[in-house]
Amino acid sequence: MKPKLASRLSRPAITAVGGIAGFTAYFSMYAFRKPVAADIFSGVAPFLDGLDYKSAVIIMQIAGYALSKLIGIRVVAQFGRQGRGYAIIGLVSIAWVALILFALAPAPWNAVFFLLNGLPLGMIWGLVFSYLEGRRESDILGAILCASFIFSSGVMKSVGEVMLQAGVSVWWMPAAVGGVFFPLLLISVWALEILPPPDRQDEAERMPRVPMFRAERMAMLRANWTMIFPLVVGYVMLTAIRDFRDNFAPELWHAAGYRDVAALFTESEAPVAIGVLVVLAALNRVRNNLAALQTMQALIILGAVLLAGATLAFRCGVISGLVWMILSGMGLYLAYTPFNAMLFDRMIAAIGKPGNSGFLIYVADAAGYCGSVAVIVLRNVCGAKENWLSFYVDFAYVTAAIVTGFGLVSLFVAHRRLGGRARVMRP
């Protein structure tokens, strides 16, 4: 039934089904990851001296996520087409069990179950994107998929906040939110499974997407490390600040003078998701793969500048806290989002050798989430007395400077190394 249904899908239908299914699959996964960030866990005993309980929960989850990304460098890069749907459902189910164990175990030691929660979830992105990469429409599909993690983070925290206000225990709320969205996950995975693989024209224009084993992975890094390394350095900073903003959103809103934050989670993130989606989806119009790659590198630099500019305007009293969160979020995600799909998809096509973008995405992600853990630990150990808002503002300036500098280096190297041999997509 699946091959017959796949063969009947037109090109626009493949784009529509792939975009919606990818969005809802990752959107549903966030129900098992982000609701815990909706509460500040005030009054809960510290996990360790100098480490408050919520920071411990977030560190455990991100540590599991980072370890998952390290494992994913090999597993996702080598994963074929068979069994992806079962793997997604199985991994999310393990994360759900971890949330149930978190609810059953006593605090503060139940925080360790978020290590188990993050461990399987880190591989979901690569598995979902593997259905979408290597197609002529991958820029559009990737932009839609990336919009899911911008939009869903705010939505899931809002859902968690609403459940708390309705009387659901703070301990059971994360598992309850996951239960609400699990049926949508099943439907989404089924829809991804009916997508046909990339056709011959896709492969001619975007290169065949094949598993990458150790020899192929090392050859890719050796040949292109001068272009990849500066991007990864910038991505470490972007991941760290994005995770800090995402996981400690209630604290940042409170520090900025806002109290009723349930609606603000979605109100501030929805415009960001839509804006970034429109900009990145427009890259599908760029036919030359090197030109598309360099455009994305320029957008990363532009995003960093917007992050710093909006933050400076807020500190000078020119814009309100809500406008600042929207504009700085726009800049942050404009810089952060290309790394998660389109940047490396186009890089593979521009390099002109078969492979898969999942490998490069997971190299960057593994480094990025290790940096995210380091920042939270640093904030607790060295800056525990500092205001949440001041820490975030200073971090935004540093991130913008590093991303801009290393982004310019990578842009120059890409032009020198790939100019003249990048594939051009035919209309």
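Of note:
- Single residue of the stretch 58-83 satisfying the filter (among the charged types (D, E, K, R) and farther than 21 Å from ASN117 by Cβ) that is modelled with the highest pLDDT: ARG74
- Taken over the stretch 307-326, the criterion of being surrounded by fewer than 19 Cβ atoms within 10 Å (Cβ to Cβ), modelled with pLDDT of 90 or more and either among the small types (Gly, Ala, Ser) or under 25 Å from PHE406 (Cβ atoms) (or both) is satisfied by GLY309, LEU312, ALA313, ARG315, GLY317, SER320.
- Top-ranked residue in the stretch 225-258 [being surrounded by 22 or more Cβ atoms within 10 Å (Cβ to Cβ) and among the small types (Gly, Ala, Ser); ranked as nearest to LEU334 (Cα to Cα)]: GLY234
- Just one of the listed residues (LEU101, LEU91) is surrounded by 19 or more Cβ atoms within 10 Å (Cβ to Cβ) and either modelled with pLDDT of 95 or more or outside any helix (DSSP H, G or I) (or both), namely LEU91.
- Residue match in the stretch 205-216 (condition: closer than 25 Å to ILE20 by Cβ, more than 22 Å from the chain's Cα centre (by Cα) and in contact (Cβ under 8 Å) with a residue 12 or more places away in the chain): yes
- Residue pairs meeting the criteria (Cβ under 6 Å; at least 6 apart or on separate chains; first touching a residue at least 24 places away in the same chain (Cβ under 8 Å), in the stretch 347-360; second of a type in the set (Val, Ile, Thr) and in a helix (DSSP H, G or I)): GLY355/ILE348; SER357/ILE348; GLY358/VAL76
- The condition of being closer than 23 Å to ALA364 by Cβ and either crowded, with 17+ Cβ neighbours inside 10 Å or of a type in the set (Lys, Arg) (or both) holds for ARG217.
- All positions within the stretch 91-108 that are under 19 Å from SER55 (Cβ atoms) and in contact (Cβ under 8 Å) with a residue 24 or more places away in the chain: LEU99, PHE102, ALA107, PRO108
The values are calculated or read from the model by the stated rules, or taken from the named source; none is laboratory data. Since we're looking at a predicted model, the values are computed, not measured. Quick reminder, even Gly has a Cβ in these numbers, built from the backbone with ideal geometry, and neighbours come from all protein chains shown.
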